[in-house]
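K.L.:
Supplied in structure tokens, the structure appears directly below.
The values are calculated or read from the model by the stated rules, or taken from the named source; none is laboratory data. Because the structure is predicted, anything quoted here is derived from the model rather than measured. Cβ coordinates were reconstructed from backbone atoms using ideal geometry, including for glycine residues, and neighbour counts include every protein chain displayed.
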Amino acid sequence: MAPTDLAALRGRIVRAWLQQSDVAQAEAARRVGDLTRGGLHHWLSGRVTPDASRVAALDASLEASGVLARLWRAAGTPQAWPARCAWDHNFRLGEPAWVWVRSAADVPVTAQFRWGAALAGQATLPPGPGGLVAFAPTSVDNPPLQVRLQHPGGWVDFGHGTFTRSILEEGLGASLITHLDVLDRHHVEEGSLGDTVVAKDLGVGLGRARALLSEHGLPWRVVQQNLHAFVPARIVHDHHPGPVGVCCRPDGSPDVQLHLDGTALAQVRAARGLAQREAAVAVTALDPSEPITRDVIRGLEANSRGDRAGLVWRLDCVYEADGFLGMDRSPARRHGQHWSVTFPTDWVGPVWVHVHAQNPGVVELLWPPWRRRQRLDGPATLSFRKSSRGQGVLRVAAAPQVSVSSGTGVVPGSLDINAGWYPQSIGASVALLRRAIGILVGRGPVLGAGVVDHATPDNS
């Protein structure tokens, strides 16, 4: 997307929001503060691109709950990143959610949506820059929503809150997904445990599961794919060749590293509408004890690296990169028979754990309410996702000769272990099943379509 096209798109988004808010341009400019009506007109025409902070001020004055500012930033994603086929996101629990999908192709392409084992489906992206938008009346933080696009891929943005049909059509130029069946609630994966698990394998959990279903009048088949919640965690054995093209420490663990050079880093920042000063302020706000100045941002963009632990993950959050900006380190400490790993509270997205030993054997990861047992034949870097700000300490149980290091961000060539986690206990299983049932009876997430009237998506 050319800068002029991006400025015009952002102008249309702001104009559409003003129109649906029924606020005159002069009044909107007054609310921002030092903005004139003529200055606002330049925003709307795309002749001037405002700083992100001024858009945030306009968002607050219109009581847009951050949605206007988020859409305005999201407009720049095609300028920030090359098109790719795989996009993932962990939503905040219980909030309305939206997904804006745009294709890099000039012909219709298929977008596949997957939200755990039970929810899956697809939609066709229309040609053109607007793409389509899907709404969810509510959301869960885990599992993440996965969006997979046909080659050559495209761009996917995620956000919370709602916006009107006029903003969607006149501002974004996007289409609506018109059927809830874009995600089939009763989809069962091939090879699902629902076809193979018998009562004796499930033990006491089976009776509790049937009681929950009976309470809500649901047939057994709709949760067959969730029966693994009552089966003891299995040992997974994968071959891992090791990270590719990344900086590593002597023990083979990933080191702090930006995946982008200075020019690309500056391009991402500009695409998010941030001046260097604004980026520095936002990064500092995530950890005031380690302030970042504009000179630091300028130095990174001039390729005078200066990357240090605690900087990359904060930049990634501010630029909304979902781990693709680079890798950072997080503390991992041994406590007796296990290691404790603490990721940044504000981080949501890809994380990694490096297990170092010639023959680690079975390693168990415990992250309430989940656990995973992994057999390793040698050193390995394991990649998965932190689902929420409130997700606590990860425990890694391993043999005494094993050392562990950890961090945030995407590690190319690492072993993806996002699948294959099991609840830690029957109690955790029942709680998770209750949440799954809430989804099925309409009190949880159903990513689907909606015609949006006023400020609320209609998923009927």
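K.L.:
What residue, of Gln391, Gln401, is in the same structural domain as Trp352 (by TED's automatic domain parsing), crowded, with 16+ Cβ neighbours inside 10 Å and either part of a loop (DSSP other than H, G, I, E, B) or of a type in the set (S, T, N, Q) (or both)?
P.N.:
Unique residue meeting the criteria: Gln391.
K.L.:
Can I ask one more? Are any of the residues in the stretch 116-135 within 19 Å of Glu320 (Cα to Cα), in contact with a Leu (Cβ under 7 Å, 6 or more places away or on another chain) and either touching a residue at least 12 places away in the same chain (Cβ under 8 Å) or assigned by TED's automatic domain parsing to the domain that holds Leu260 (or both)?
P.N.:
yes
K.L.:
Considering Trp17, Trp43, which residue is within 29 Å of the chain's Cα centre (by Cα) and of a type in the set (A, V, I, L, M, F, W, C)?
P.N.:
The conditions single out Trp17.
K.L.:
Could you list, in sequence order, the residues of the stretch 132-151 that are out of contact with any Gly (no Cβ under 7 Å at 6 or more places or on another chain) and within 15 Å of Gln112 (Cβ to Cβ)?
P.N.:
Scanning the stretch 132-151 gives Leu132, Pro144, Leu145, Gln146, Val147, Arg148, Leu149, Gln150, His151.
K.L.:
Can you tell me which residues in the stretch 352-386 are of a type in the set (A, V, I, L, M, F, W, C) and closer than 20 Å to Pro250 by Cα?
P.N.:
Trp352, Val353, Val355, Ala357, Leu376, Ala380, Leu382 - these are the residues of the stretch 352-386 that are of a type in the set (A, V, I, L, M, F, W, C) and closer than 20 Å to Pro250 by Cα.
K.L.:
Which ones in the stretch 105-119 are part of a strand (DSSP E or B) and surrounded by fewer than 19 Cβ atoms within 10 Å (Cβ to Cβ)?
P.N.:
Thr110, Gln112 - these are the residues of the stretch 105-119 that are part of a strand (DSSP E or B) and surrounded by fewer than 19 Cβ atoms within 10 Å (Cβ to Cβ).
K.L.:
Which of the residues belonging to the stretch 36-48 are crowded, with 19+ Cβ neighbours inside 10 Å and over 14 Å from Gly171 (Cβ atoms)?
P.N.:
Residue satisfying the conditions is Leu40 alone.
K.L.:
Here's something else I'd like to know. Among Pro344, Pro369, which is the only one that is at pLDDT 95 or above and in contact with a strand residue (DSSP E or B) (Cβ under 9 Å, 6 or more places away or on another chain)?
P.N.:
Pro344
K.L.:
Would you confirm, using the coordinates I've provided, whether Leu325 is surrounded by 15 or more Cβ atoms within 10 Å (Cβ to Cβ), of a type in the set (A, V, I, L, M, F, W, C) and in contact with a Pro (Cβ under 6 Å, 6 or more places away or on another chain)?
P.N.:
Here the answer is no, as Leu325 does not meet what is asked.
K.L.:
Okay, next question. Residue by residue through the stretch 416-429, note down the ones that are crowded, with 22+ Cβ neighbours inside 10 Å and assigned to a strand (DSSP E or B).
P.N.:
Answer for the stretch 416-429, where residues must be crowded, with 22+ Cβ neighbours inside 10 Å and assigned to a strand (DSSP E or B): just Pro423.
K.L.:
Could you check, for the stretch 335-348, whether at least one of its residues is within 19 Å of Trp81 (Cα to Cα) and surrounded by 21 or more Cβ atoms within 10 Å (Cβ to Cβ)?
P.N.:
no
K.L.:
Out of all the residues in the stretch 91-102, is one or more at pLDDT below 95, of a type in the set (Asp, Glu), surrounded by fewer than 20 Cβ atoms within 10 Å (Cβ to Cβ) and not assigned by TED's automatic domain parsing to the domain that holds Ala16?
P.N.:
Yes, because at least one residue in the stretch 91-102 is at pLDDT below 95, of a type in the set (Asp, Glu), surrounded by fewer than 20 Cβ atoms within 10 Å (Cβ to Cβ) and not assigned by TED's automatic domain parsing to the domain that holds Ala16.
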